[in-house]
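The values are calculated or read from the model by the stated rules, or taken from the named source; none is laboratory data. The shown structure was predicted, so the numbers you read here are calculated from the model rather than taken from an experiment. FYI the Cβ positions are ideal-geometry reconstructions off the backbone, even for glycines, and counts take in every protein chain you see. These accessible areas exclude ligands, DNA and RNA; they are computed on the full protein's heavy atoms, side chains included. Shrake-Rupley method; radii C 1.70, N 1.55, O 1.52, S 1.80 Å.
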Amino acid sequence: MRPEILEDPRIRSVQWKDLTSLSSTEIASELLLSLPWLLVSLWMASHGWFALALGPSFMFFLVGLRQVHNAYHYALGLSRRGCDWVMFALSALMLGSMHAVQINHLHHHRHCLGEEDVEGASARMPAWKAIVVGPLFPIRLHVNALKKARGASFWWIVVELMVSAAVVVAAIAIPSVWLRYHVAAMSVGQCLTAFFAVWTVHHDCDSGTPFARTLRGLLKNSATYNMFFHVEHHLFPAVPTCHLPQLAERLDRAAPEFTRLRVF
């Protein structure tokens with residue numbers, strides 16, 4: 001993000017540091033948030049109710065993105081190593097390497113919608129193209145991360161890719177209906193991430209102001225687990241997702257021009 005945006009006196013006037021702390025209850029809630037959706041989807045799939053399982057699978061993927069997103073920024077109330085293990089666990093459950101996605105995501109924050117922003121590239125496309133090229137999105141993220149990763153990050157990526165591959169092989173080798181369903185559902189989720197997680201929150205924006213979209217309305221934000229407070233997240237990435245509604249109220253008062261574009 002351009003330094004002059006963060007130095008804007010309107011942005012500097014927003015109080016946010018008090019929102020970075022999480023209580024023990026909030027930490028536990030964040031860590032368990034996606035589990036019910038995962039269990040329901042697998043239970044439905046084990047009974048052959050695949051169409052019904054798609055809804056809970058979608059919600060698991062959405063909430064999983066919320067959890068891992070906070071882990072990228074070490075905003076889960078855990079140590080850095082604890083966040084590493086959360087990323088590892090979600091890599092196995094959602095497929096792919098979340099440490100690889102982290103490298104691209106942090107680069108996205110530093111160079112939002114710039115030419116070097118691999119994650120944000122789909123935001124510059126029409127919606128249909130972001131969906132069509134979606135299967136290439138995770139491949140590009142992983143290739144770029146492997147080129148840039150150093151030290152422990154590189155080995156986290158390698159191990160997470162190996163575990164994800166093992167899950168896929170197990171789904172092929174073991175006659176387990178629910179496991180094969182889950183792998184298929186997560187693969188579709190990965191292919192649609194470019195559209196749902198990037199295009200929706202950055203389309204028709206540029207590297208100026210506003211550079212991202214946001215969402216207002218209690219019902220809308222509750223249904224999407226507060227995942228669309230995106231301009232707030234970019235301005236103050238250390239604030240956990242569960243505290244973004246309070247941050248949004250403060251930003252609306254201080255700099256409403258930053259929050260004028262809506263996701264939907």
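Measuring nothing but alpha carbons in the range 41-91 and taking Rh as the Kirkwood radius, the Rg to Rh ratio lands at 1.15. 3J(HN,Hα) along the range 125-132, derived from phi through the Karplus expression 6.51 cos²θ - 1.76 cosθ + 1.60 where θ = phi - 60°, amounts to 9, x, 4, 4, 6, 4, 6, 5 Hz, with x in place of Gly and Pro. Relative to the compact-globule estimate of 2.2 N^0.38 Å, the Cα radius of gyration of the range 1-140 comes out at 1.23.
For the range 47-147, relative contact order (Cα pairs under 8 Å, six or more residues apart, normalised by length) works out to 20 percent. Only helices enter this figure: runs of n ≥ 4 DSSP H residues, each worth -39500 (n - 2.57), summed and divided by the residues of the chain, yield -18500 deg cm²/dmol at 222 nm to the nearest 500. In the context of the full set of protein chains, the range 41-94 has a per residue accessible area of 41 Å² (1.4 Å probe). The Rg/Rh ratio of the range 125-189, with both radii computed over alpha carbons and Rh defined as the Kirkwood radius, is 1.07. If only the Cβ of Lys and Arg carry +1 and only the Cβ of Asp and Glu carry -1, the dipole of the range 120-191 around its Cα centre is close to 320 debye. Can you give me the % of accessible surface on the chain that is carbon or sulfur? Probe 1.4 Å, all protein chains present, nothing else counted. Its accessible area is 68 percent carbon and sulfur atoms. Annotation: aspartates and glutamates with alpha-carbon distance below 20 angstrom to residue 148 (same-chain offsets under eight excluded): 84, 115, 116, 117, 119, 160.
Across the chain, Cα-Cα pairs farther apart than 25 Å form 45% of the total.
Considering only alpha-carbon pairs that sit under 8 angstrom and 6 or more positions apart, the relative contact order computed for the chain is 24 percent.
Placing unit charges on the Cβ atoms of the charged side chains and taking the dipole of the chain about its Cα centre, the candidate lying farthest along the positive direction among 68, 142, 174 is 174. Measuring r between the beta carbons of residue 12 and residue 49 and using R0 = 41 Å, the FRET efficiency lands at 0.20.
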